[in-house]
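Only one structure is covered here, and it is reproduced in the block below.
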Amino acid sequence: MSDKEFLIEANIQDIIKYIMTDLGVSIKEAMRRFYMSEIFEKLQDTKTGLYLESPAYILSLIHISEP
């Protein structure tokens, strides 16, 4: 695993935890919401540099509504 892949995976894990806590949803629901977001696609694209940002910043870019 490259450093970039590691950072992306670490960010994803933290973001999923934030979504679970902030919205009070299950891990399955938090994952569904994040993986369907436009930000997830941008995070995967290393050209955007988004993977270098903090999970809190990345989460602030996501427009995920409460259930």
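The values are calculated or read from the model by the stated rules, or taken from the named source; none is laboratory data. Source: prediction; values computed, not measured. Neighbour counts are summed over all protein chains in view; Cβ atoms, including those assigned to glycine, are modelled from backbone coordinates with ideal geometry. For the accessible areas, the whole protein counts, side chains as well, though only heavy atoms, and no ligand, DNA or RNA atoms are used. Shrake-Rupley method; radii C 1.70, N 1.55, O 1.52, S 1.80 Å.
Could you work out what % of the accessible surface of the chain is carbon and sulfur, using a 1.4 angstrom probe and leaving DNA, RNA and ligands out of the count? Each step should come with its number before you reach the end.
Numbers: 2480 of 4610 Å².
That share works out to 54 percent.
The alpha-carbon of LYS17 sits under 16 angstrom from the alpha-carbons of these lysines, leaving out residues fewer than 8 places away in its chain: LYS28.
With protein chains left intact and a 1.4 Å probe, residues in the chain average 69 Å² of accessible area per residue. A cut-off under 14 angstrom between Cβ atoms defines the neighbours of THR46, and their net charge, with Lys, Arg +1 and Asp, Glu -1, is -3.
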